[in-house]
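See below for the structure under consideration.
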Amino acid sequence: MNNFRVGFGYDVHQLEETVDFWLGGIKIPHDKGAVGHSDADVLIHVICDALLGAANLRDIGYHFSDQDPQYKGIDSKLLLKEVMRLVAGSGYVLGNLDATICLQKPKINPFIPEMKKCLSEVMHVTENQISIKATTTENLGFVGRQEGVSAYCVALIHQPNQPIK
């Protein structure tokens, strides 16, 4: 069995006015927010998918169906806690993750330190294990038109205390 595994996550959420905008576990002040069955935190969702994929545990929709009323409006931090429990139950720990948020407005860079702090506390890892970047799409596509937000994440997990093969 390999000691190191890599997973990838991608997600998109529509933006609408009068909806709270949750990103990386924190509420971002903006006139639009992401729409979804849960709190629509696109960053946490891609982190969950990357971790689940790395551990070969399917995806976020498999574990937390948007058809299940118990997840309606749920705080995505709770989903991430459960994903970390599932990954640990498979014998893995986080090495690091690298995520990119694609959003035209608002500018996300000022919020990245707070997101890293929040996520590290939820995941019980160091902030140094979490990389978050932000980019625009130069006014192109649904992100550029401010109709939605997307995010990508790659996660590296490994089995602790196992010799490298």
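Couple of notes before you dig in:
- Counting the residues of region 109-165 that are basic (Lys, Arg), free of Cβ contacts under 8 Å to residues at least 60 places away in the same chain and either open to solvent by less than 60 Å² (accessible area, probe 1.4 Å) or not in a helix (DSSP H, G or I) (or both) gives 2.
- Among the residues listed as ALA55, ALA40, ALA34, ALA50, the single one being more than 20 Å from LYS116 (Cα to Cα) and touching a strand residue (DSSP E or B) at 6+ places or on another chain (Cβ under 8 Å): ALA55
- The helices (runs of 4 or more DSSP H) found wholly in region 36-106 and carrying at least 2 residues that are at pLDDT 95 or above and charged (D, E, K, R) occupy 76-89.
- Residue tally, condition open to solvent by 100 Å² or more (accessible area, probe 1.4 Å), assigned to a strand (DSSP E or B) and either at positive phi or touching a residue at least 12 places away in the same chain (Cβ under 8 Å) (or both), over region 7-30: 4
- In region 20-39, residue farthest from the chain's Cα centre (by Cα) [restricted to those that are more than 12 Å from LYS105 (Cα to Cα) and acidic (Asp, Glu)]: ASP20
The values are calculated or read from the model by the stated rules, or taken from the named source; none is laboratory data. Everything numeric here is computed off the predicted structure, so don't read it as measured data. Backbone-built Cβ (ideal geometry, glycine too); neighbour counts: all protein chains shown. Side chains are part of the model used for accessible areas, which takes the heavy atoms of the whole protein and leaves out ligands, DNA and RNA. Shrake-Rupley method; radii C 1.70, N 1.55, O 1.52, S 1.80 Å.
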